[in-house]
Amino acid sequence: MATIGQVLKAAREQKGVTASQAAAATRMKVQVVEALERDDYSRIAAPMYVRGFLKLYGEYLGLEPAPLIQEYMELHSPKERPSLIPQEAPLPNSGAAERKKIEIDWSRLKVFFDKVKKPVAIGLGVIVLVVVAVNGITRCSRWITEPRQVAAPAAEKKKAPLPVLREPPDPYIEIPTPGRQNP
């Protein structure tokens, strides 16, 4: 039975293109095309890239890519996936007695929180109201410690007119006015 690389190489030769032409047409590196044809998948970064390259190259050569990818997965994918969650190992026993499991009596805690809940909420509400009132008073009122000097109003100050650098030019076009004759 022919390998994936042999099938790809035979299809490329039947199409009559070189490895560099196939690489240029698929926008892959020539080294990747040659590695696929040699079944040297270690030259390609990750199995996910190999599947993508097989699909792209198979479609370019006119082959059905699904069987190529399936064969690659059967031959080169790990049979058992590693678990991302570590298995619980037993705690090392240092010769001491087994640790006691701490149990909490939730019914007593619930009663305690039910008793404390209402006074705490009222206390927090009072604190918030006091903070808002103090903030409003300090921002809305003026604390005058000494009289401020008021600047003179701008209307009382006399400003000198700006100097005219040159007289405006005479109009170039005389506009006839009704009732007046031009000389």
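What follows is calculated from the coordinates using simple rules that are stated; it is not laboratory data. The structure displayed is predicted, hence computed values, not measured ones. Don't worry about glycine lacking a Cβ; one is built from the backbone with ideal geometry, like all the others, and counts go over all protein chains shown.
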Two pseudo-spin positions, 7 Å from Cα along C-beta at TYR172 and at ALA25, lie apart in nanometres by 7.2 nm
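How charged is the neighbourhood of VAL111? Take every other residue with its Cβ under 15 Å from the Cβ of VAL111, and add Lys/Arg as +1 and Asp/Glu as -1.
Numbers: positive: ARG108, LYS110, LYS115, LYS117, LYS118; negative: ASP105, ASP114.
So the environment of VAL111 carries a net charge of +3.
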So how far apart, in nm, are the two label points at VAL164 and TRP106 if each is 7 Å from Cα heading toward Cβ?
9.5 nm
Simple spin-label model, 7 Å along Cα-to-Cβ: VAL126 to GLN6 in nm?
9.1 nm
Debye, to nearest 20: dipole size of segment 4-76, +1 on Lys, Arg Cβ, -1 on Asp, Glu Cβ:
280 debye
The rounded separation in angstrom of the Cα centers of segment 1-33 and segment 35-53 is 13 Å
